[in-house]
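Throughout, read-outs are computed from the coordinates displayed, never taken from laboratory work. It should be emphasised that the depicted structure is a prediction, and the values quoted were computed from it without experimental measurement. Methodologically, a virtual Cβ is constructed for each residue, glycine included, from the backbone with ideal geometry; neighbour enumeration extends over all protein chains shown.
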Amino acid sequence: ATPGSVTAGSPATLNITTAGTTTPGTYPLTVTGTAASGTHTSTYTLTVTGVTPPGGLVNGGLETGSLGPWTCQSGGSVVSTPAHSGSYALQAAASASQTGQCQQTVTLAPNKAYTLTGWVQGSYAYLGVSGGATGSAWTSASGWTKLTVPFTTGASGTATVYLHGWYGQGNVFGDDFSIA
């Protein structure tokens, strides 16, 4: 608190800092002032909100070992082989009836140019953005290939990042996705 002691009727400021690892939520906060004449207590609510990481993309390396916040069509999953780096990668399961799209929605600054990058592998592996922005790139390389997709956000700043294969071409894999 600033100042460390307060004269009755004078203002004081209490600054509260949370760690970057603090779980978002609502926390009760009790402030007690003590004097020779007694104590006075006030209760407040501290609300910690989640902060979107720079670039807005979450779990871009799949190193949590779980899919979230990615969502995939049937058969999409996190796999340990092949991985471009780390222990895990994203698998999009293309079949005769689906592209196997895996996606996540990101929130970025509105009307701003960004570049999506990711490492992909598989026959007709597509990396792209849709929604509030448009752009894609693809490859059929058998090994890991870095794809780069420049795009500009719209007025909302939201866009959907996706990885998918092509009908009947089999699974494709992606890893180390980022937006800069």
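Need one number: nm distance between label points at Thr148 and Thr13, each 7 Å from Cα along Cα→Cβ, rounded to one decimal. Those two pseudo-labels are separated by 4.5 nm.
Mean separation of Cα pairs under 8 Å and 6 or more residues apart, divided by the residue count, gives the chain a relative contact order of 22 percent. Across every direction, the projection of the convex hull enclosing the Cα atoms of the chain has a mean area of 14.2 nm². Highest GNM mean-square fluctuation among Leu14, Leu116, Leu127, for the chain modelled with Cα contacts below 10 Å: Leu14. Per-peptide packing, taken as the mean over residues of other Cβ atoms within 10 Å, places 31-41, 80-90 in the sequence 80-90, 31-41 from highest down. Modelled spin labels at Tyr167 and Ser85, positioned 7 Å past Cα toward Cβ, are 3.7 nm from each other.
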